[in-house]
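The values are calculated or read from the model by the stated rules, or taken from the named source; none is laboratory data. Note that this is a predicted model, so its numbers are computed, not measured. Ideal geometry is used to build each Cβ from the backbone, glycine not excepted, and the neighbour counts take in all protein chains shown. Remember, those area values only see protein heavy atoms, side chains included, never the ligands or the DNA or RNA. Shrake-Rupley method; radii C 1.70, N 1.55, O 1.52, S 1.80 Å.
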Amino acid sequence: MPKAAKLPPPEKIELLLEGEIISEDGQKFGKSTYKVYEGLAGLEADQKKVKPYLLVWLHGMDNGSIEPGYLTTLQKRLRHRVIFLVPMSPLTHEGVHYNWACAFRKQQNKKQLGFVHGTLHQGYLNSLTAKISDLAYEFDAERVLVMGYSMGGFGAFQLGGWAPDAFDVVISVAGYGLGTLEPENEMYNAPQPQSSEIFEAFLHNVVSELSRVPVVLGVHARKDSMSSFRDVRAIIKQCQEALAERNEEKNIAELLVVSDEKADSDRGRKKKISGHHYFNFSLLDETSEEFLWSKLRDYLSTAPLRLELQPLQMDHPKQLFRSKGRLTCPECHGPRYLEDSLEQLDAAETAGKVKRGRVSY
């Protein structure tokens, strides 16, 4: 986690409870703990009694929990009472690794291409979104937001696409998707056309559902060499096209572009020019007020309520996900497809059809 210039004290941030995400449907996944906080900093007495926002924060590849002081800053930027759910991505379990719900085995993650060769673990998605909905009900949350940086941004797209009815806002900062459109000899060196086919399936089956979330924001720098601007631009474009097809004029899907000048502006770390260091600029510093938070507060004041608070729509299509070219649905057993994906990958490698590459997060 990048260091802010001045980490604010954990003013009015209170740890309410700790727990573990438990499987809702018997599908196994690694241990995933969570903490729940309440933030009330800078609020008047009457503001502390309003229905809160529930904000789910998803960490990045470093697997580090966010500091309470950072949560205080996020709450102050929202200018509202906030309940924070801060889960940890599942630990490795029975040889399966996790980037949030993207599950893959060691062989699938050579050169860190698990986000290409992995599969969305439906059991974990079910269980985490169930916990989110339970907390939203328990605290009578006015709005539910999910956001994260880098791998956390990937996780935000996963959750919003899996359960769009549970969220009012999805914000992916420096995130990415499943698969990639990046050419084979650039950035990730991911095998093509396989990686593009996986990404196109992600757009069709996951992002089309993500577009049902009232507000979807992608925050990204063009010069980011660790997470693809091209891919996130395609994700937001897919959301916009889905909204246009459904004539949903009140929903928002927008890409907020970080300038090249600010793409490596994070402080307190060894300088590595990668275009992937804009955590402070986009989320914590005063610059974030105009860039992100003022826009978000405006959107929250006018956006429709999340779908689970709206009248039941009987014509809502069943969610579908593609696993190595095949469609799976929430009733299917995710772990089987992990095994199938691994067998197919090994066979493709033996036949010389898959070229390994390089990626770093």
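Structure notes:
- Under 5 Å between amide hydrogens, built in the peptide plane, is the criterion, and for S265 it picks out H277 among residues at least 5 positions away or on other chains.
- Given a 1.4 Å probe and the protein chains as shown, T33 ends up with an accessible area of around 50 Å².
- Net charge of neighbours whose Cβ lies under 14 Å from the Cβ of V144, counting Lys and Arg as +1 and Asp and Glu as -1: -1
- This model, with +1 at the C-beta of Lys and Arg and -1 at the C-beta of Asp and Glu, gives the range 128-283 a dipole about its Cα centre of some 700 debye.
- Placed amide H near L120: partners under 5 Å, 5+ positions off or other chain: A103
- The heavy atoms of R267 present about 90 square angstrom of accessible area, all protein chains included, probe 1.4 Å.
- Spin-label pair L91/D62, simplified geometry with 7 Å Cα→Cβ offset, distance in nm: 2.1 nm
- A full extension of the chain between K48 and L15 corresponds to an added length of 10.3 nm, given 0.36 nm per residue minus the alpha carbon distance.
- In order through the range 253-261: 3J(HN,Hα) via Karplus (6.51 cos²θ - 1.76 cosθ + 1.60), integer Hz, x for Gly, Pro: 9, 9, 9, 9, 9, 7, 5, 4, 4
- Three-way shape label, the range 43-157, alpha-carbon gyration tensor, a/c 1.5: prolate
- With all protein chains modelled, accessible area of I198 [1.4 Å, Å²]: 30 Å²
- In order along the range 86-97, phi translates into HN-Hα couplings of 10, x, 10, 4, x, 6, 4, 9, 6, x, 9, 9 Hz, rounded to whole numbers, per the Karplus curve 6.51 cos²θ - 1.76 cosθ + 1.60 with θ = phi - 60° and x for Gly and Pro.
- Two-site label geometry, L305 and E197: point separation in nm, points 7 Å out along Cα→Cβ: 4.4 nm
- Using the Cβ of V36 as centre and a radius below 13 Å, the other residues enclosed give a net charge of -4, where K and R count +1 and D and E count -1.
- Straight-line reach from K223: taking Cα to Cα under 12 Å and skipping same-chain neighbours fewer than 8 places apart, the aspartates and glutamates in range are D260, E261, D264.
- Label-point separation in nm, E138 to D298, each point 7 Å along Cα→Cβ: 3.6 nm
- Alpha carbon centroid spacing (whole Å) that separates the range 63-100 from the range 197-219: 22 Å
- With a cut-off of 11 Å between beta carbons, the residues surrounding G123 carry a summed charge of -1, where Lys and Arg count +1 and Asp and Glu -1.
- Pairs spanning more than 19 Å between alpha-carbon atoms, out of K31/K131; K76/K262; K28/K131; K51/K295; K48/K250: K76/K262; K51/K295; K48/K250.
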